[in-house]
Amino acid sequence: MIAVLTGRVPGDVDEVNALKVSCDQWLAPSGCSDPHTPASLLKLWYRELYEPLIPSEFYEDCVSSYGDVEACLRIVDSLPLINRLVLSYLVRFLQVLCSPVCFDAAFVICY
C-alpha cells in the first residue's frame, strides 16, 4: 500500500496536469479521488526543481555514507538552508503518511 501512496503507480496525466495548473494558480485542489494523482504531482515537482534537492557536489558523500546515520545527518546539516528545509519537510510528510493511523485510513479510502 505504501508503494501505491508514494507514487509507484502513475496518476492519470490529464488529472496530474489539471492539478498542477490548480496549484500553480494557488487554488485548493478539489475532486481528486485518485491518490496516484497528487503522488505523481509531488514527484513531478521534485523532478522539475531547477537544482536537485541534494546538490551534485554531495553525491559522492551520500554514496559513501550509505548506512551510516551520523554521516547522513552531517550531510543533511551541510546542505544549503532551503534544501535542508525542503528535505526535512518531505521526510516529515512521508513519516506522517506512513504512520499507522494515516496508512489505515488511506487503505480504507483507496480500497
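Read-outs: derived from the displayed coordinates by stated rules, not from any lab. Since this is a predicted model, take the numbers as computed values, not measurements. Counting neighbours? That spans all protein chains shown, and the Cβs are built from the backbone with ideal geometry, glycine included.
Summary table
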{"read-out": "Equivalent ellipsoid semi-axes - Cα gyration tensor, the stretch 7-80, angstrom", "value": "33, 14, 11"}
{"read-out": "Interchain or long-range residues, amide H under 5 Å from residue 11's placed H", "value": "40"}
{"read-out": "Pairwise FRET efficiency - residue 28 versus residue 58, Cβ, R0 = 30 Å, nearest 0.05", "value": "0.30"}
